[in-house]
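Here the structure comes first, spelled out in structure tokens, and everything after it is commentary.
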Amino acid sequence: KPSPAEEEPVVLSPFEVTTNNKGYYSANTMSGTRFNTKLDDLASSITIVTKQQMSDFAMLDMNDVFLYVGGAQGTGTYTDYTLDRNGSISDNVSSNPTQANRIRGLAPANIALGNIETMGRVPIDPITVDSIEVSRGPNANVFGLGNPSGTVNQVPSSANLTRDRVAVESRVDSVGGSRTSLDVNQVILKGKLAVRGSGVFQHDGFE
């Protein structure tokens, strides 16, 4: 009986599946030298909290951010109080919550927006920023922000020149608080001109 004709085996070309996903890691910062610099090239202790991380962890202000940053304490882990000459203790959390924190156990953080120092009276909100850069310790390269404790720099949100985007978010909490936000990005001339508008309505409840 004749043997069947031998067929050449089909050989598939090899392929590899790779990914560059590094979670919430951000490789560059403006807080080290006022230039877009890689974190690997800086000697400063800097932590970057991205907008996506703030959304996933339900962070709404600096005190929420400090719960996840080493060497930083907000109202969730630290009570900022003062003692007057009569021995009375007052809690600064109720009178000045944006400054009731400390970095490196020293003093409240400087608050900056785009590396320009601010009064710190406007709370940090995720709707207005793309990321938060926490620089621990003095930084002579960022002149005027060389606080020995550290600086919190807000990277302001900017319009995306390549794609339209609409985001609507709503949340409630167990003590009667609620928040609704709208973020709209519209491209007018692709790669050249875009506009972005954001709005938030927030009601805080507490016990």
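What a 1.4 Å probe finds exposed on the chain is 54% carbon and sulfur by accessible area, rounded to a whole percent.
Short-range pairs are left out: with C-alpha atoms under 8 Å and at least six residues apart, the relative contact order of segment 74-161 is 26 percent.
Accessible surface for SER178 stands near 40 Å², nearest 10, in the context of the full protein assembly shown (1.4 Å probe).
Using a Gaussian network model of the chain in which every pair of alpha carbons under 10 angstrom is joined by a spring, one finds that among THR37, THR75, THR180 the greatest mean-square fluctuation is at THR180. Taken over the Cα atoms of the chain, the convex hull encloses 255 Å³ per residue.
Our note on the geometry: Cα centres of segment 93-120 and segment 173-207, 23 Å apart. Just to be sure I follow the definition: excluding the sites themselves, where is the longest run in the chain that has none of the chymotrypsin sites (Phe, Trp or Tyr not before Pro) in a DSSP loop with at most 12 other Cβ atoms within 10 Å? Value returned for the longest uninterrupted segment is 36-142. Residues whose amide H falls under 5 Å from that of LEU113, counting only those 5 or more places apart or on a different chain, are THR118, GLN154, with hydrogens built in the peptide plane.
Each Lys and Arg Cβ is given +1 and each Asp and Glu Cβ -1; about its Cα centre, the chain then shows a dipole of about 580 debye. Taking all protein chains as shown and a probe of 1.4 angstrom, VAL122 keeps an accessible surface of around 120 Å². Dividing the helix sum by the residues of the chain, where each DSSP H run of 4 or more adds -39500 (n - 2.57), gives a mean residue ellipticity at 222 nm of -1500 deg cm²/dmol.
Spherically averaged projected area of the convex hull of Cα atoms, segment 85-171: 8.8 nm².
The values are calculated or read from the model by the stated rules, or taken from the named source; none is laboratory data. Given the structure is predicted, the values throughout are model-derived calculations rather than measurements. Positions of Cβ are backbone-derived with ideal geometry, glycine not excepted, and every protein chain shown enters the neighbour counts. Please note that ligands, DNA and RNA were not included when accessible areas were found on the heavy atoms of the full protein model with its side chains. Shrake-Rupley method; radii C 1.70, N 1.55, O 1.52, S 1.80 Å.
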